[in-house]
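J.: The structure follows.
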Amino acid sequence: MNVHIPEDYRPSDDEEFMNPRQQEYFRKKLEDWKSEILADANQTIANLQEETVKEPDIADRASTESERALELRTRDRQRKLISKIDAAIRRIDEGVYGYCDETGEPISLRRLEARPVATLSLEAQERHERREKVYRDD
């Protein structure tokens with residue numbers, strides 16, 4: 001579906017929810033986000049390859065190892081985020097993007113703008129978090 005979207009377009013509650021223009025807007029937003037994450041990951045790999053020089057000082061070496069571990073944890077979180085982005089793009093392709101997995105109701109455009117990979121409406125997410133907290137406190 002190749003729908004032209006003006007540069008200044010923002011989805012609005014005044015239009016039909018998840019019309020082709022909104023779907024294309026969110027697809028582009030998700031694809032741009034994924035590209036940005038992948039570019040950062042490639043830069044990290046390049047940096048880690050350059051930094052394979054052994055630090056002579058044990059404190060410097062420990063600091064470098066801590067930084068690497070943090071960087072790798074960040075990249076792991078981003079890898080998981082990419083799979084959520086891919087799932088969101090699949091939902092667009094299937095025509096179910098923007099609808100709550102629990103209730104089937106539309107997820108607010110404001111929530112999708114802030115969290116384009118959201119699968120739950122704000123209300124359903126809050127219920128989910130309350131249930132999680134109850135079980136965690138046991």
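Since every read-out is calculated from the coordinates, none of them should be taken as a lab result. Computed from a prediction, not measured in an experiment: that's the story for all the values here. Methodologically, a virtual Cβ is constructed for each residue, glycine included, from the backbone with ideal geometry; neighbour enumeration extends over all protein chains shown.
J.: Counting C-alpha atoms alone, how compact is the chain: give Rg to one decimal and Dmax as a whole number, in angstrom.
T.: Over the chain's Cα set, Rg and Dmax evaluate to 20.0, 63 Å.
J.: When the scattering of the range 18-97 is computed by the Debye formula from its Cα atoms alone, each counted once and equally, what is log10 I(q)/I(0) at q = 0.25 Å⁻¹?
T.: Reported log10 I(q)/I(0), two decimals: -1.11.
J.: Mind listing the phi-derived Karplus ³J(HN,Hα) values for the range 10-17, rounded to whole Hz, using 6.51, -1.76 and 1.60 with θ = phi - 60°, and x for any glycine or proline?
T.: For the range 10-17, the Karplus curve yields 9, x, 9, 5, 6, 10, 4, 5 Hz.
J.: So who's got an amide H within less than 5 Å of the one on Y99, skipping anything under 5 residues away but keeping other chains? H placed 1.01 Å off N, in plane.
T.: I107
J.: Read phi for every residue in the range 30-41 and hand back ³J(HN,Hα) as whole Hz from Karplus 6.51 cos²θ - 1.76 cosθ + 1.60, θ = phi - 60°, with x for Gly and Pro.
T.: Result, ordered by residue: 5, 5, 5, 4, 4, 4, 5, 5, 5, 5, 4, 5 Hz.
J.: What ranking of E24, E7, E102, E16 emerges when the number of other C-beta atoms within 10 Å of each C-beta is taken as an exposure proxy, fewest first?
T.: The most exposed by this proxy come first: E7, E16, E102, E24.
J.: Which whole-number percent is the relative contact order of the chain (Cα, under 8 Å, 6+ apart)? Walk me through the numbers before you get to the answer.
T.: Values: 82 pairs, mean separation 30.3, N = 138.
Once divided by the residue count of the chain, the mean separation gives 22 percent.
J.: What ranking of Y135, Y9 emerges when the number of other C-beta atoms within 10 Å of each C-beta is taken as an exposure proxy, fewest first?
T.: Placing the least packed residue first, the sequence is Y135, Y9.
J.: I5's amide H: which non-local residues (gap 5+, or another chain) put their own amide H closer than 5 Å, with H modeled 1.01 Å from N in plane and none for Pro or chain starts?
T.: The answer is none.
J.: Over the Cα atoms, compute the radius of gyration (one decimal) and Dmax (the largest Cα-Cα distance, rounded to a whole number) for the range 99-138, in Å.
T.: Radius of gyration, then largest Cα-Cα span, for the range 99-138: 11.3, 35 Å.
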